[in-house]
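The values are calculated or read from the model by the stated rules, or taken from the named source; none is laboratory data. Owing to the predicted nature of the structure, the values given are computational and were not obtained by experimental measurement. A quick note on method: Cβ atoms are made from the backbone with ideal geometry, for glycine too, and the neighbour counts reach across all protein chains shown.
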Amino acid sequence: MIAELGHAALWLAAALAGLQVVFALLRGQAGAAALPAIRAIAGAQALLALLAFAALLHLFWVTDLSVALVATHSHGDKLPFYKLAAAWGNHEGSMLLWVLLLSGFGALMARFARALEPAVMRGALGMQGALALGFYAFLLLSSNPFARLDPPALEGRGLNPLLQDPGLVFHPPTLYVGYVGLSVAFSLAIGAMLGGRVDAALARAMRPWVLLSWTFLTAGILGGSYWAYYELGWGGYWFWDPVENASLLPWLAATALLHSVSVLAAREALRAWTMALALIGFAMSMLGTFLVRSGLLTSVHAFAVDPERGTFILVLMALYVGGALALFGARIAQVREGAPFAPASREGALVANNLLLSVILALVLFGTFYPLVAEAFGASISVGPPYFNLVAGPLALLLVALLFVGPLLSWKRQFRPLSKGAALAGCGALAMLVATIALGWSMSLLERLGLALGAGLVIASLVPLLTRKPWRAPAPVWGMVLAHLGVGLLTVGIASESAFTKERLAIVQPGDQASVGPWLVEFRAAVPVAGPNWTAIEADLLASRGAGAARLAPQQRLFNQPATSTSESALLTRWDGQLYATVGQGSAAEGWQLRLWWKPFVTFIWAGGLLIALGGLVSLVGRIVRALREARPARASARYREQRSW
Amino acid sequence: MTAAPKTQRLLLVILAIAALAGAALLALWGLQGRAAYFVTPSEIAAGRVEPGVPLRLGGMVSAGSIAPVGDGNSFRFRLEDETATTTVRYRGILPDLFVEGSGAVAEGRLLANGEFAADRILAKHDENYMPPELAERAERATAETVAAP
C-alpha cells in the first residue's frame, strides 16, 4: 500500500511539474497572472516528492521485502542507522533523492527569490519544472524505486559492506544538495535570458544559491575523500577516478561562478560569462550523475552498471544543455556590454581566476571523457593520475599564487602599489622555498612550490582582516578569508603528504615492533571480535612517539550478509599528521601482515577543506542575515502603508 | 588603461579562446606517452608497452599462481587474458577480494625483464566487479574465438 502511495505521489508530482511548465509558457495577460499559481504548484510538487521519498524511507525502515529495491539492498538484521541510509545507497533511491532535491529547490526558489522581475521568475520556475519533469520521467520509466517483487523475497540481499559506514549517511545527500543546488543558478540564468534582464539584481538573487551548493559540494567532496581514505585502506585520498572527477567538475564550475557572480553583482561586468558559467555548472552536475550512474568508465568506486539508464540521462542532458546553449547563443548578443575595468583590479584578478578554473575544468573534463570518445572510434585508451597531476598541478599552483594579490586589489582601480601584506606573503613563500632547499629535503619541484606557495597563502589570506578591525569585517569578508586560508592549508597538506609520507610493511608476531617515521608501533595481539553483522580479527597495536602511547585497532572484517570481507583501517590523528594502520592476512604460526603509514600534515588537507566549506557557510549566513535585516524595515513600512490606506 | 567597452569584451573573448587553446595543447602534451594507462598482458607480450611508465595492468589472476616470496610480505602471481600471461610482483597487503580466477587490476610499472612491479592492487567494492575495459575485451575475444573456426 505504502509503495503504491509513493508511486502515485511520484506520478502526481510529475503531472504538476508538467503543469508548472505549461503555466510558465503562458504569454500576455494570462502569463502575468500565472506567477502566483506557478509558485503554488512548485510548492505542491515538492511536497508530493517529499511524500514519495518518505514512503521509500518507510519501506526500508520496515524492510518490506515485497518491494524489489528493498529486497536487493536491505536486510532485516541491519542496524537502524543503515536501514534508512540504504534507501539512497542504490541507484533508484539516490535518483529519487535527486528529484526530491530538484523539486525542493524549485519550491525554495519560488518562496525566497522574490526580488526579480516576474518575467524572469516565470522563466526560471518553468525551467526548474522542466528539469524536474525530465527526472521524474527517468524515475518512472526506467528506474521505478517502488516496483513490487512477486513473490516477495524471503530475505534481503544486504547492503554492500563498504557502504555500511557513517559515510553513506552523510556523503551522498551532501553531495546531491550541492549538485542539485546548481540547478537554481541554471534556471535563473535561463529565466534571465528569456526575460532579457541580465543585471546585478539577478547576480544578487543567484549568489546565495551558488554559495549554498558550493558549500555543500565542498563538504561532500571532502567527506567522500575522507571516506575513501579510511575505507579503501590504500592510504590515498584522491585517485583522479572518474567518479571523483564527476564531483570535481561541478565544483570547479561552481567556484568560478561564485567569483564571477560577485563581479556581476558589484560591477555589472562579466554578464555573458556569468550566464555561461551558470549553465555549465548544472550541466557538469548532470554529466557527473550520468558518469556515476552509467558506469561507463572504470572506477574504484564502481556502482551498479546499466548502460540503458546511462543513455536516458545522456538524452535528458543533451536536451537541457543543448537547449540552454542554443538560447544562450540566440540571446547573448542582446545582453548589454558590462562595465569596463582595468587589468590590475579586483575584476581583472577574478577574470584570471575564472580563466584558470575553466582551463582546469576543461583539462579534467577532457581527461575523464577522452577514453569514452576514443572508444567510440575503436581505440582503447585510458587516462590516469600521471596525466591529471601533470596538467592540473601547475595550474592549481598558479591559482594559489594569484590568491596572494587578488583579494588585496580594489574594484575598478587601475593600479595601486603592492600592499605590505602581499609583500609579506611573498617573503613567507620565498623563505619556505629557501628552507626546503637549505634543509636538503628531496622532493619534486611541484611539491616544493606547493609548500612555498601554500605557506605564503596562509599569510596572504589573513591580510584582508588585518587592514581593518577584524571584528568589524563583514561576514562575507570573513568567509573569503577562511576559504582562502583553507586553500593555503590544503596546498601545504597535499605537498607535505606527497613529499614526506613514510610507509612500512612488516610481518609481525605478538610482541614485535615496527617503526615508521617518528613512530614505534608494537603489535600486542590479534584478537577476534564480533559486531552486529560481522566478525573480525583485530590487531591490538600500541603506537608511541617519545612520551605517551596510543592504541590503534585495525581490523579484517567478515560480513555475513552478503559474505564479504573488508579491511578496516585505524587512524591515529595528531595535529601534525596521521598514523594510518591496516592489517592483512595472517595466522598465529606465520605472523600477520601489517601496513603502516605516517603522513605528516595530512591533517592540513582535512582542516583546509573544512575551512573552505566553513568560509562558504559564514558568507552564506552573513548574507542571509543581512537580507533579512534589510527586508524587515521594508516590510514594516509596507505594512504601515497598508494600514494607512485602510 | 581602461579599455573601451567594445574592445574589452573582444579582449575577454580572445583571452578565453587563447586559454582554451592553451588547455588543448597542454592536454595533448600531457597525454604524450600517458594515453595507454590501461594495458593487458597480450599488449605486453606484443611489446607494445614501454617499461618504467606508470600504468594499470588488468587481467584474470591465473589459477594456482599466487605465491608468497621471501619474508611473506611480497607476492608473485600471474595475470592472464585470452592469449598471454604477465608475472606480477607485489609487496603489500593483498586486497580482500583478490582471488585466483577472478579479475584484478595492478597499478605499477613494467620492468625491463618483462615482469610487472605493482604498487597497488585493485580488486574491491563488489564481488562481481570487473573493470568495463576488461569485460569488453573478454567479450570481444570470446566473440573472435567463436568466429575463428
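Could we say that B:Glu139 is farther than 30 Å from B:Gln32 by Cβ, within 14 Å of chain A (Cβ to nearest Cβ) and modelled with pLDDT under 80 here?
Values: farther than 30 Å from B:Gln32 by Cβ: yes; within 14 Å of chain A (Cβ to nearest Cβ): yes; modelled with pLDDT under 80: yes.
Here the answer is yes, as B:Glu139 does meet what is asked.
Based on this model, can you work out whether A:Leu194 counts as farther than 18 Å from A:Leu611 by Cβ and either β-branched (Val, Ile, Thr) or assigned to a helix (DSSP H, G or I) (or both)?
Details: farther than 18 Å from A:Leu611 by Cβ: yes; either β-branched (Val, Ile, Thr) or assigned to a helix (DSSP H, G or I) (or both): yes.
So A:Leu194 fits the description; yes.
Applying the selection to the stretch A:338-350, what residues are of a type in the set (A, V, I, L, M, F, W, C), outside any loop (DSSP other than H, G, I, E, B) and either surrounded by fewer than 23 Cβ atoms within 10 Å (Cβ to Cβ) or at the interface with chain B (Cβ under 7 Å from one of its Cβ atoms) (or both)? Talk me through it step by step, then tell me what you get.
Just the residues of the stretch A:338-350 that are of a type in the set (A, V, I, L, M, F, W, C), to begin with: A:339, A:341-342, A:344, A:349-350.
Of the ones still in play, those that are also outside any loop (DSSP other than H, G, I, E, B) are A:349-350.
Passing the criteria: only A:Ala349.
Considering only residues that are among the hydroxyl-bearing types (Ser, Thr, Tyr) and not in a loop (DSSP other than H, G, I, E, B), which ones fall in the stretch B:81-107? It would help to see each step written out before you state the result.
Initial filter on the stretch B:81-107 (among the hydroxyl-bearing types (Ser, Thr, Tyr)): B:83, B:85-87, B:90, B:102.
B:Thr85, B:Thr86, B:Thr87, B:Tyr90 - these are the residues of the stretch B:81-107 that are among the hydroxyl-bearing types (Ser, Thr, Tyr) and not in a loop (DSSP other than H, G, I, E, B).
Determine whether the stretch A:496-519 contains at least one residue that is hydroxyl-bearing (Ser, Thr, Tyr) and in contact with a Gly (Cβ under 7 Å, 6 or more places away or on another chain).
If we filter the stretch A:496-519 for residues that are hydroxyl-bearing (Ser, Thr, Tyr), which is where we start, we get A:496, A:498, A:501, A:515.
Still in the running and in contact with a Gly (Cβ under 7 Å, 6 or more places away or on another chain): none.
So far as the stretch A:496-519 goes, no, none of its residues is hydroxyl-bearing (Ser, Thr, Tyr) and in contact with a Gly (Cβ under 7 Å, 6 or more places away or on another chain).
Here is a list: B:Val69, B:Val99. Which entry is out of contact with any Gly (no Cβ under 6 Å at 6 or more places or on another chain), over 20 Å from A:Trp240 (Cβ atoms), modelled with pLDDT of 80 or more and of a type in the set (Val, Ile, Thr)?
On the way: B:Val99 fails: modelled with pLDDT of 80 or more.
One residue alone meets the criteria, B:Val69.
Would you mind finding the one in A:Gly236, A:Gly196 that is surrounded by fewer than 22 Cβ atoms within 10 Å (Cβ to Cβ), touching a strand residue (DSSP E or B) at 6+ places or on another chain (Cβ under 9 Å) and outside the structural domain of A:Gly104 (by TED's automatic domain parsing)? Quick ask: steps written out before the conclusion?
On the way: A:Gly196 fails: touching a strand residue (DSSP E or B) at 6+ places or on another chain (Cβ under 9 Å).
Checking each option against the conditions leaves just A:Gly236.
Being farther than 30 Å from A:Val383 by Cα and touching a residue at least 12 places away in the same chain (Cβ under 8 Å) is true for just one of A:Leu232, A:Leu212, A:Leu217, A:Leu249. Which residue is that?
A:Leu212
B:Ala27 fails exactly one of the following numbered conditions: (1) touching a Gly at 6+ places or on another chain (Cβ under 8 Å); (2) assigned to a helix (DSSP H, G or I); (3) farther than 17 Å from B:Gly114 by Cα; (4) more than 7 Å from every other protein chain (Cβ to nearest Cβ). What is the number of that condition?
Going through (1) touching a Gly at 6+ places or on another chain (Cβ under 8 Å); (2) assigned to a helix (DSSP H, G or I); (3) farther than 17 Å from B:Gly114 by Cα; (4) more than 7 Å from every other protein chain (Cβ to nearest Cβ) one by one, B:Ala27 breaks only (4).
Has the stretch A:537-555 got any residue that is acidic (Asp, Glu), out of contact with any Ser or Thr (no Cβ under 8 Å at 6 or more places or on another chain) and within 14 Å of chain B (Cβ to nearest Cβ)? Even if it seems obvious, please write down each step before you answer.
To start, the set of residues in the stretch A:537-555 that are acidic (Asp, Glu) comprises A:538, A:540.
So of that shortlist, the ones also out of contact with any Ser or Thr (no Cβ under 8 Å at 6 or more places or on another chain) come out as A:538, A:540.
Narrowing further to those that are within 14 Å of chain B (Cβ to nearest Cβ): none.
Within the stretch A:537-555, not a single residue is acidic (Asp, Glu), out of contact with any Ser or Thr (no Cβ under 8 Å at 6 or more places or on another chain) and within 14 Å of chain B (Cβ to nearest Cβ).
For A:Gly236, work out the one condition from (1) closer than 17 Å to A:Gly615 by Cβ; (2) not in a helix (DSSP H, G or I) it doesn't fulfil.
With respect to (1) closer than 17 Å to A:Gly615 by Cβ; (2) not in a helix (DSSP H, G or I), A:Gly236 is out only on (1).
Mind telling me which of the residues A:Leu449, A:Leu439 ends up being crowded, with 20+ Cβ neighbours inside 10 Å and either of a type outside the set (Lys, Arg) or touching a residue at least 12 places away in the same chain (Cβ under 8 Å) (or both)?
Numbers: A:Leu439 fails: crowded, with 20+ Cβ neighbours inside 10 Å.
So the residue among A:Leu449, A:Leu439 that is crowded, with 20+ Cβ neighbours inside 10 Å and either of a type outside the set (Lys, Arg) or touching a residue at least 12 places away in the same chain (Cβ under 8 Å) (or both) is A:Leu449.
So which residues in the stretch A:539-582 are surrounded by fewer than 19 Cβ atoms within 10 Å (Cβ to Cβ) and over 25 Å from A:Thr603 (Cβ atoms), if there are any at all?
Within the stretch A:539-582, A:Leu558, A:Asn560, A:Gln561, A:Pro562, A:Ala563, A:Ser565 qualify.
When residues of the stretch A:65-88 are filtered for being more than 14 Å from A:Asn144 (Cα to Cα), crowded, with 22+ Cβ neighbours inside 10 Å and at pLDDT 80 or above, how many remain?
2
Keeping to the stretch B:88-102, report how many residues are more than 10 Å from chain A (Cβ to nearest Cβ), surrounded by fewer than 17 Cβ atoms within 10 Å (Cβ to Cβ) and on the phi < 0 side of the Ramachandran plot.
Looking only at that region, the number is 4.
A:Arg472 - would you say it is outside the structural domain of A:Thr582 (by TED's automatic domain parsing) and in contact with a Phe, Trp or Tyr (Cβ under 9 Å, 6 or more places away or on another chain)? Don't jump to the end; show me each part of the working.
Details: outside the structural domain of A:Thr582 (by TED's automatic domain parsing): yes; in contact with a Phe, Trp or Tyr (Cβ under 9 Å, 6 or more places away or on another chain): no.
So A:Arg472 fails the test.
Identify the residue in the stretch B:51-67 that is more than 9 Å from chain A (Cβ to nearest Cβ) and surrounded by 12 or more Cβ atoms within 10 Å (Cβ to Cβ) and, among all such residues, is nearest to A:Phe366 (Cα to Cα).
Going residue by residue through the stretch B:51-67, those that are more than 9 Å from chain A (Cβ to nearest Cβ) are B:51-52, B:57, B:59-67.
Now restrict to residues that are surrounded by 12 or more Cβ atoms within 10 Å (Cβ to Cβ): B:51, B:57, B:59-62, B:65-66.
Values: B:Pro51: 26, B:Leu57: 22, B:Gly59: 26, B:Met60: 30, B:Val61: 32, B:Ser62: 35, B:Ser65: 38, B:Ile66: 38 Å.
Looking at residues that are more than 9 Å from chain A (Cβ to nearest Cβ) and surrounded by 12 or more Cβ atoms within 10 Å (Cβ to Cβ), I get B:Leu57.
Residue by residue through the stretch A:564-578, note down the ones that are hydrophobic (A, V, I, L, M, F, W, C) and facing chain B (nearest Cβ under 10 Å).
From the stretch A:564-578, those hydrophobic (A, V, I, L, M, F, W, C) are A:570-572, A:575; that's our starting set.
Scanning the stretch A:564-578 gives no hits.
List pairs: first in the stretch A:500-512 and in contact (Cβ under 8 Å) with a residue 24 or more places away in the chain and surrounded by 14 or more Cβ atoms within 10 Å (Cβ to Cβ), second among the hydroxyl-bearing types (Ser, Thr, Tyr) and part of a strand (DSSP E or B), Cβ under 8 Å, 6+ apart or cross-chain?
A:Arg504/A:Ser515
In this structure, does A:Phe366 turn out to be surrounded by fewer than 23 Cβ atoms within 10 Å (Cβ to Cβ), among the aromatic types (Phe, Trp, Tyr) and more than 8 Å from chain B (Cβ to nearest Cβ)?
Answer is no for this residue.
Check the stretch A:93-112 and report whether any residue there is buried (at least 23 other Cβ atoms within 10 Å of the Cβ), in the same structural domain as A:Ser143 (by TED's automatic domain parsing) and over 21 Å from A:Ser187 (Cα atoms).
yes
Among the candidates A:Gln593, A:Gln578, A:Gln556, single out the residue that is in a strand (DSSP E or B) and within 30 Å of A:Leu451 (Cα to Cα). Quick ask: steps written out before the conclusion?
Numbers: A:Gln593 fails: within 30 Å of A:Leu451 (Cα to Cα); A:Gln556 fails: within 30 Å of A:Leu451 (Cα to Cα).
It is A:Gln578.
So A:Tyr640 passes all but one of these: (1) within 28 Å of the chain's Cα centre (by Cα); (2) modelled with pLDDT under 85; (3) of a type in the set (Ser, Thr, Tyr). Which condition number does it fail?
So the condition that A:Tyr640 fails would be (1).
Tell me, please, whether a residue that is out of contact with any Asp or Glu (no Cβ under 7 Å at 6 or more places or on another chain) and either of a type in the set (Ser, Thr, Tyr) or at pLDDT 80 or above (or both) can be found in the stretch A:292-305.
The answer is yes, given that some residue of the stretch A:292-305 is out of contact with any Asp or Glu (no Cβ under 7 Å at 6 or more places or on another chain) and either of a type in the set (Ser, Thr, Tyr) or at pLDDT 80 or above (or both).
Given (1) buried (at least 18 other Cβ atoms within 10 Å of the Cβ); (2) facing chain B (nearest Cβ under 10 Å), identify the lone condition not met by A:Gln585.
Going through (1) buried (at least 18 other Cβ atoms within 10 Å of the Cβ); (2) facing chain B (nearest Cβ under 10 Å) one by one, A:Gln585 breaks only (1).
Restricting the search to the stretch A:452-469, which residues are among the aliphatic types (A, V, I, L, M) and either within 12 Å of A:Val492 (Cα to Cα) or in contact (Cβ under 8 Å) with a residue 60 or more places away in the chain (or both)? Step through it out loud before you land on a result.
Quick first cut of the stretch A:452-469, residues among the aliphatic types (A, V, I, L, M) only: A:452-453, A:455, A:457-460, A:462-463, A:465-466.
Once the filter is applied, which keeps residues that are among the aliphatic types (A, V, I, L, M) and either within 12 Å of A:Val492 (Cα to Cα) or in contact (Cβ under 8 Å) with a residue 60 or more places away in the chain (or both), the stretch A:452-469 yields A:Ala452, A:Leu453, A:Ala455, A:Leu457, A:Val458.
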